[in-house]
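In what follows, a single structure is set out as structure tokens and then discussed.
The values are calculated or read from the model by the stated rules, or taken from the named source; none is laboratory data. Since the model is a prediction, treat every value here as computed from it, not as a measurement. Every residue, glycine as well, gets a Cβ built from its backbone with ideal geometry; the counts of neighbours run over all protein chains shown. All accessible areas refer to the heavy atoms of the entire protein, side chains included, with ligands and DNA or RNA removed. Shrake-Rupley method; radii C 1.70, N 1.55, O 1.52, S 1.80 Å.
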Amino acid sequence: MKNKNELIAEISGLVEKSNTILILGHVSPDGDCFGSMAALGMEFIRKGKTVRCAAGDGLTYKYEFIRDYIEILSAEELYDLYKDTDFDLVITVDTADKYRVGSLLEKVFDRQKCSVAIDHHITNPCFSNVNWIEDRSSASELVYEYLVETGADISVRTANVLFAGIMTDTGNFTYSNTTSKTFEIAAELVKYGAETSFLAEEIDRKRTLGATLLVAHAIDTMTLHHDNRIAVMSVSYDEIYGCGALPEDCENLINFARDIDSVEIAVLIREINPLRHKVSLRSKKYADVAKFAACFGGGGHKHAAGCTLDGTTVEIKKKILEEAEKLI
Ligand code: 5GP
Ligand code: MN
């Protein structure tokens with residue numbers, strides 16, 4: 001297996017000889033996905049490359065500030081414009097499996113000849129030609145190391161997006177994936193000018209009225225099982241829009257279940273269509289939800305994972321509860 005320095009050298013060699021670079025992230029993109037995409041994208045543009053970035057529906061409300069830094073297209077926009085284009089290089093970031101880019105971007109990915117994956121999910125099956133997979137707090141940590149090793153210029157904008165990525169994937173430096181290295185990198189980013197209170201306000205605090213009402217609704221759907229050690233919430237599109245919220249406002253809903261003191265496993269079942277649902281899983285101490293999700297074709301980390309299942313909310317809830325109870 002190649003070591004980190006060899007991987008970074010190999011990736012930067014590929015970047016050097018590429019003129020056109022496509023950077024892709026996962027569906028329902030989060031702060032780490034946007035942060036690692038934007039940081040790499042800005043550096044490659046600075047080097048004179050032609051860069052396109054795409055993930056999900058493009059930038060979401062909390063990450064609007066990135067719009068001034070770099071363009072991040074939606075999967076649909078990228079597909080419409082570039083479905084027949086051969087890029088010199090495609091890089092996926094924060095994307096635990098090929099299908100996680102979504103069906104449209106997967107088609108674009110599949111036609112590219114040279115691919116790199118930079119990811120921090122150890123369940124990643126290494127679906128690219130070069131795979132830098134390391135068990136770290138966030139893909140943004142890896143991108144930071146890439147930029148430092150390759151002598152990149154780290155601007156305030158780069159520091160902001162990478163800090164945003166690390167901050168969101170570590171739950172503001174509180175989850176067990178936060179290491180001394182995470183704090184060291186965060187401190188370096190602050191030295192480079194990361195605007196931490198601005199980022200906290202934009203990403204953490206600012207919330208629309210609709211998103212606030214959705215929190216109340218999601219808590220209303222919560223059921224508790226097995227001595228209150230398992231909590232399950234569910235939301236449908238009708239409920240999301242009925243509250244005046246958007247699908248992206250589901251990003252942190254699961255924490256309201258996870259944070260209950262008695263809860264070990266928290267589950268959020270989110271509608272994709274009435275017969276297909278995204279399941280988010282969180283655990284606190286002992287349950288390995290990455291293995292749990294892998295049984296259903298998904299993946300992630302020990303304490304935060306997900307999968308997508310066919311069936312109605314009621315059917316999926318029954319199936320998930322049967323499995324979750326074995327871990328309790
Ligand atoms: P979330 O519940 O916030 O969407 O995801 C939690 C963690 O699990 C993230 O690290 C995410 O990348 C991973 N994850 C979520 N859904 C899937 C999935 O369907 N497949 C894989 N491999 N990982 C997933
Ligand atoms: Mn991540």
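Numerical summary
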quantity: Kirkwood hydrodynamic radius of the chain, Cα pairs, Å; calculated: 20.1 Å
quantity: Tilt relative to the chain, helix 4-16 - C-alpha long axis, 0 to 90 degrees, to 10; calculated: 60 degrees
quantity: Inter-part distance where the stretch 270-328 and the stretch 36-92 are each reduced to a Cα centre, Å; calculated: 30 Å
quantity: Listed pairs Lys49/Lys107; Lys181/Lys278; Lys284/Lys318; Lys107/Lys319; Lys98/Lys302 exceeding 26 Å between Cα atoms; calculated: Lys181/Lys278; Lys107/Lys319
quantity: All lysines inside 17 Å of Lys206 as judged from Cα atoms, apart from same-chain residues fewer than 8 positions distant; calculated: Lys62
quantity: Heavy-atom surface of the chain, accessible at 1.4 Å and reported per residue (Å²); calculated: 44 Å²
quantity: Under Karplus coefficients 6.51, -1.76 and 1.60, residue-wise ³J(HN,Hα) of the stretch 151-164 in Hz, glycine/proline x; calculated: x, 6, 8, 9, 7, 4, 5, 4, 4, 4, 5, 6, 4, 4
quantity: For the chain, calculated [θ]222 nm from helices alone, where every DSSP H run of n ≥ 4 adds -39500 (n - 2.57); calculated: -11500 deg cm²/dmol
quantity: Proximal charge balance of His277 [Cβ under 12 Å; K/R count +1, D/E count -1]; calculated: +2
quantity: Convex hull volume per residue for the stretch 44-128, taking Cα atoms only, in Å³; calculated: 110 Å³
quantity: Accessible carbon and sulfur surface of the stretch 182-302 relative to its total accessible area, %, 1.4 Å; calculated: 52 percent
quantity: For the chain, built as a Gaussian network whose Cα springs stay under 10 Å, the top-fluctuating residue of Leu147, Leu209, Leu105; calculated: Leu209
quantity: Convex hull volume of the stretch 196-312 per residue (C-alpha atoms, cubic angstrom); calculated: 114 Å³
quantity: Net +/- balance of residues flanking Tyr237 in space, Cβ distance below 11 Å, scoring K and R +1, D and E -1; calculated: -2
quantity: Rg/Rg_ref, the stretch 67-113, where Rg_ref = 2.2 N^0.38 Å and atoms are Cα; calculated: 1.15
quantity: In order through the stretch 249-260: 3J(HN,Hα) via Karplus (6.51 cos²θ - 1.76 cosθ + 1.60), integer Hz, x for Gly, Pro; calculated: 6, 7, 3, 10, 4, 4, 5, 5, 7, 4, 6, 5
quantity: With Cα atoms, 0 to 90° folded angle of helix 31-46 axis to the chain main axis; calculated: 10 degrees
